[in-house]
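Notes follow once the structure below has been shown.
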Amino acid sequence: MDAIIIVLIILVVLVVIALVQTIQVIQQASAAIVERFGRYTRTLNAGLNIVVPFIDRIRNRIDLREQVVPFPPQPVITQDNLVVNIDTVIYYQVTDARAATYEVSNYIQAIEQLTVTTLRNIIGGMDLERTLTSREEINAALRGVLDEATGKWGIRVNRVELKAIEPPTSIQDSMEKQMRADRDKRAAILQAEGVRQSEILQAEGAKQSEILRAEGDARAAALRADGEAQAIRTVFEAIHAGDPDQKLLSYQYVQMLPKIAEGESNKLWIVPSELGEALRGLGGTLGRFAGGPGTPGAGNGGGSGPAGTPGGAPTDGGPALDKPTRQQPRIE
């Protein structure tokens, strides 16, 4: 009985192992290579698959999704004999699991070595400045070469990117100094342009201000002249309507004399020739009002003045105010 139980247990174990080897579940976006007696038989796709146990063997499971592989920096010599370190990133995808298994032993290592050699060929024909400014050109050239070479391996290279290009330290220092000088130059140019524009705008503003100020002064002078003309016209009309006589005009003339002498800068005062006639007319009027009708000297300035002289002329040798009588114009 013990032997039978042992045999049954062995049979159950063999059945379980056979079932496990017979039923193969392949994950989505994956593939499996099946060999029978060491020879390729078929490729298992995603899902449930049945194989012959102890005869068929799964050799390799391959991920069919797009893969990203960064490669370490590689020293590359440019056309002007400068060593730069360039590290790349490859985006690839396995399109044929059978070719990726049997056409190349290690497709990752093969892609890396092919990338390095192709990169050295491309950079060797460029100088440093062109290398730093032609990333798109280098990427396109690398992708073309890699895609053509890896096609027979069942691999499609989707993108190739240069992650970093590091020139020598001395070259980096020189480039930084040059960039700093260029930035300082652009800053100086921009500052000079700003100062020039500011001065132009200030000059334009001053010009417009002077023009507006001159126009304002001209308008103010015109309005002031119009006002003075209107005032003179009004005064003239009022005088003409009042019909003043010679005595009133003489009195107003004498009142205006102190105003003529006003001001600290008036050091010399010239007496007008009409002052004597105005004083004669005013003196005669005041004498008539003071002496009455019977007073001697009353009249048109022909009586005796305060000093007993005809016409009130001074006796101390001063300038005589008697001058030939001139006909005053009548204001109409």
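Among residues that are buried (at least 17 other Cβ atoms within 10 Å of the Cβ) and either more than 16 Å from THR95 (Cβ to Cβ) or of a type outside the set (Phe, Trp, Tyr) (or both), VAL76 is included. Taking the numbered list (1) assigned to a loop (DSSP other than H, G, I, E, B); (2) modelled with pLDDT under 90 in turn, VAL20 passes all entries but (1).
Looking only at the stretch 42-52, decide whether some residue is assigned by TED's automatic domain parsing to the domain that holds VAL160, under 20 Å from TRP153 (Cβ atoms) and not charged (D, E, K, R).
No.
The lone criterion from (1) under 30 Å from LEU132 (Cα atoms); (2) in a strand (DSSP E or B); (3) out of contact with any helix residue (DSSP H, G or I) (no Cβ under 6 Å at 6 or more places or on another chain); (4) not basic (Lys, Arg) left unmet by VAL76 is number (3).
Against the list (1) surrounded by fewer than 18 Cβ atoms within 10 Å (Cβ to Cβ); (2) assigned to a helix (DSSP H, G or I); (3) in contact with a Gly (Cβ under 9 Å, 6 or more places away or on another chain), the condition ALA100 fails is (1). Would you mind finding the one in ARG42, ARG59 that is free of Cβ contacts under 8 Å to residues at least 24 places away in the same chain, surrounded by 12 or more Cβ atoms within 10 Å (Cβ to Cβ) and in a strand (DSSP E or B)? Matching residue, one of ARG42, ARG59: ARG42. Reported count of residues in the stretch 28-39, each being of a type in the set (Val, Ile, Thr) and either touching a residue at least 60 places away in the same chain (Cβ under 8 Å) or surrounded by fewer than 16 Cβ atoms within 10 Å (Cβ to Cβ) (or both), is 1.
Conditions tested, residue by residue: (1) in contact with a helix residue (DSSP H, G or I) (Cβ under 9 Å, 6 or more places away or on another chain); (2) under 30 Å from ARG61 (Cβ atoms).
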{"site": "ILE108", "(1), (2)": "no, yes"}
{"site": "GLN113", "(1), (2)": "no, yes"}
{"site": "ALA141", "(1), (2)": "yes, no"}
{"site": "LEU146", "(1), (2)": "yes, yes"}
{"site": "ARG159", "(1), (2)": "yes, yes"}
{"site": "GLN178", "(1), (2)": "no, no"}
{"site": "ARG186", "(1), (2)": "no, no"}
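Of the residues screened, LEU48 is one that is part of a strand (DSSP E or B), over 45 Å from the mean Cα position of the chain (by Cα) and surrounded by fewer than 12 Cβ atoms within 10 Å (Cβ to Cβ). Kindly evaluate GLU136 against the criterion of being closer than 30 Å to ASP80 by Cβ and loosely packed, with under 10 Cβ neighbours inside 10 Å. It is true that GLU136 is closer than 30 Å to ASP80 by Cβ and loosely packed, with under 10 Cβ neighbours inside 10 Å.
The values are calculated or read from the model by the stated rules, or taken from the named source; none is laboratory data. Remember, predicted model here, so these are calculated numbers, not experimental data. A quick note on method: Cβ atoms are made from the backbone with ideal geometry, for glycine too, and the neighbour counts reach across all protein chains shown.
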